[in-house]
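For reference, the structure is listed below as C-alpha cells.
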Amino acid sequence: MRVPLMVLALCCSLGVPKVWADDPKPDPNGGSTGVAADVPGFVVTAPAELSADDKKDKDKVKAYDEAKKAFDDYTKQSSVEPLAVKLADNVGHNRVAINFMWTLVTGFLVMFMQAGFALVETGLCRAKNAGHTMSMNFMIYPMGMLGFYVCGFAFMFGGLGSIGTMGGYAGLNNEYTVTLFGHPFGLLGLKGFLLQGAGYDTAAFALFLFQMVFMDTTATIPTGGAAERWKFSAFMIYGCCIGTIMYPLFGNWVWGGGWLAQLGSNFPALGHGHVDFAGSSVVHMQGGVICLIFCWLIGPRYGKYDKAGKIVHPITPHNIPFVMLGTFILAFGWFGFNPGSSLAGTDLRISVVAVNTMLASATGALATTLYMWWFKTKKPDPSMMCNGMLAGLVAITAPCAFVSAGGASLIGIVSGILVVESVFFWDRIGIDDCVGAISVHGVNGAWGCLSIGLFADGTYGEGWNGVAGTVRGLFYGGGMGQFWAELIGVVTCFVTLSILSLIVYYIAEKTVGNRVSLEDEIEGLDVPEMGVPGYAGIVMDKQSETPMPRA
C-alpha cells in the first residue's frame, strides 16, 4: 500500500457503490495542488466545544483553552498577514511537488526493470528461443499498459479516496461495495476510466504511471516460466487480460481501499488488515500464481522429463552473463520499487526501506549460494545465485518499511533457502518453470507478506489502513492478529489468481491454442513464431540443442 487508505466504504445496502457527497474537482494543470494544508501544523482548526461534564475536568478545560488560543492566533494571522498564508501555500505546493518528483523518478527506475527481466528470462532459456522470449518481455509492456489505461487503473484505484501525499486529491471515490456481517467490503473501483473525468488530475496521473510499471512487473513474470513452448498469439490474449482485470482486482482489495485493506477496521483483532508496502503479494505473488497455473496447464518442455515423467533432465541456460547482468539491473530498479512506494520523497523512512531492500538481497544471494554449494549440487551455481538475490528482494518488498535491518537480513536468509527448496519441489512434481519464477515470485511473495506478521517492529505505519497505531508483528508484542490478516491476503491471492488464470488460459486455448507444435518447439520458436532468429549466423544442433557457429 502506497499511502494509508484512510477511507472506508460507507455503510450501504448490498451492491450499492460508495460515492462521496462532494466530488472534488480534478486539477489537470497542477496549479491548485499543494496548499498550506499540506504543511504539517500550519493550518489550525477550531477545537470542538466542551460538554458540560468536560467543563468540570480541569485538564480538558486547559487543553481546550490552549487549542482555542492557537486557533484564534492562526485566524488573526491569516486575516492580517496574507503573505504568511501565501508563503505557506507555496511551501505546501513545493512539498507536494517533491513527492510528485520522487514518485515519477522511482517509477522510471521500475520501468527500467523490464530490461532486467528480459535479460534474466532470455538468458535462462535456450538460444533458439531468445528472440521469442525477448519479444514477450517487450510486448507485455505496451499490452499491459494499454489495458491498465482503458480500465485497469479505474478498477484498482477508482475508489481509493484521498491521495494523501499528492495534495489529498480525492476524486477517485467510487468503490463498488457490499455489506456483509454489518461491515462494508470494497470490491472494485469505478472511476478513472481512460484517465478521463475524475482521472484527469495531476495526482491521478502520477499514481497511474507508478502503478502501471508495477502492474507490468506482474505481467512479465509468467513470460519466463512458460517460455519456450507458449504461442505468441496466446501470450497476446493474456497480455490483454493482465492489465485490464487480472492484476487490478486483487490490487484493489489491498491498495485501492478494498476489503483486504478494510479487515483491520472491520475486525480489530486482525491488526491493520492485509498490509503490503510495495507488492510482495499484489505484484509478485500474483505473477507467481499466474505462472504456476500456466506452467501446469501448458505442460513441461519437450525433453525435460523421461517418458515416464519421473526423471528430470535439466535444460541448460544459454547465457549466464545475461542472467547476472539482468539481476543487477533488477536489483538497481528495486530501489525505485520499494522506496518509491512511499509516494513521498518527504517521508524519510525511505532510507530504512532502501537499506532493508539492499540487505535482504545480499543475505538472500549468500544463503542460496552456500545452500546449493554445501547441500545440493556441491557447486555454487550462478543462476541460483541470481534467483537467491531476487528471492530476497521479493520477500522484503512487503515488509521493507516495517522491519529493522536485522529483520530484513533474516527475511533474506529464509528466502534464499526457500527458493532453492521450492525450485527442486516444482521440478519433482512435474511443473516445468524455465526461470524459477514460481519460486522467486510466488513462494517468496507469500513469505514476504507473512513475515510482516512476525517481524514488524512497531516503529512505522501509524494509521495504516485507517487503523490507529503502528504495524506490529508477533515477535514485537503484536500478537497473532497481523499474521492472520497477512495469511488471509495470501490465501485470497492464490485462490483469486488461480481462478482468473484458469479462465484466461482456457479462453486462449479455445481460440488460438496455448502450446506450439512439437516440431516448432524442437526447432526453436524464433523463426516459426517470430520470423527471425534471435542470433543471426548461428544454427542449432538439434540433438544437444546448443548454439553452434555457422561454418
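Go over the candidates Ala391, Ala395, Ala401 one by one and state the one that is farther than 14 Å from Ala437 by Cα, in contact with a helix residue (DSSP H, G or I) (Cβ under 7 Å, 6 or more places away or on another chain) and at pLDDT 95 or above.
None of the other options fit; the residue is Ala401.
Looking at the range 461-477 only, could you name the residues that are part of a loop (DSSP other than H, G, I, E, B), crowded, with 19+ Cβ neighbours inside 10 Å and touching a Phe, Trp or Tyr at 6+ places or on another chain (Cβ under 9 Å)?
Applying the first criterion (part of a loop (DSSP other than H, G, I, E, B)) to the range 461-477 yields 461-463, 467-471, 473, 477.
From the residues that got through so far, the ones that are crowded, with 19+ Cβ neighbours inside 10 Å too are 461, 467, 471, 473.
Selection gives Gly461, Val471, Gly473.
Yes/no per residue for (1) buried (at least 24 other Cβ atoms within 10 Å of the Cβ); (2) closer than 24 Å to Cys295 by Cβ:
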| position | (1), (2) |
| --- | --- |
| Thr223 | yes, yes |
| Ala227 | yes, yes |
| Ser233 | no, yes |
| Thr244 | no, yes |
| Gly251 | yes, yes |
| Gln262 | yes, no |
| Val275 | yes, no |
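Would it be correct to say that Glu421 is surrounded by fewer than 24 Cβ atoms within 10 Å (Cβ to Cβ), over 19 Å from the mean Cα position of the chain (by Cα) and closer than 19 Å to Asn387 by Cα?
On the way: surrounded by fewer than 24 Cβ atoms within 10 Å (Cβ to Cβ): yes; over 19 Å from the mean Cα position of the chain (by Cα): yes; closer than 19 Å to Asn387 by Cα: yes.
For Glu421, the condition - surrounded by fewer than 24 Cβ atoms within 10 Å (Cβ to Cβ), over 19 Å from the mean Cα position of the chain (by Cα) and closer than 19 Å to Asn387 by Cα - is met.
Given the residues Leu188, Leu194, Leu172, which is the only one that is over 27 Å from Gly92 (Cα atoms) and surrounded by 19 or more Cβ atoms within 10 Å (Cβ to Cβ)?
Working: Leu194 fails: surrounded by 19 or more Cβ atoms within 10 Å (Cβ to Cβ); Leu172 fails: over 27 Å from Gly92 (Cα atoms).
Being over 27 Å from Gly92 (Cα atoms) and surrounded by 19 or more Cβ atoms within 10 Å (Cβ to Cβ) holds for just one of Leu188, Leu194, Leu172, which is Leu188.
Of everything in the range 311-364 that's touching a helix residue (DSSP H, G or I) at 6+ places or on another chain (Cβ under 9 Å), polar (S, T, N, Q) and assigned to a loop (DSSP other than H, G, I, E, B), which residue is surrounded by the fewest Cβ atoms within 10 Å (Cβ to Cβ)?
The selected residue is Thr346.
I'm told Gly406 meets every condition in (1) buried (at least 24 other Cβ atoms within 10 Å of the Cβ); (2) part of a helix (DSSP H, G or I) except one. Can you identify the failing condition by its number?
The failed condition is (1).
What are the residue pairs meeting all of these: first residue in the range 136-150, first residue closer than 17 Å to Gly251 by Cβ, second residue surrounded by fewer than 15 Cβ atoms within 10 Å (Cβ to Cβ) and not aromatic (Phe, Trp, Tyr), Cβ atoms under 9 Å, and 6 or more apart or on different chains?
These pairs meet every condition: Tyr149/Leu194; Val150/Leu194.
The values are calculated or read from the model by the stated rules, or taken from the named source; none is laboratory data. Predicted model, so just to flag it, every value in this text is computed and none were measured. When we count neighbours, we look across all protein chains shown, and the Cβ atoms used for this are built from the backbone with ideal geometry, even at glycine.
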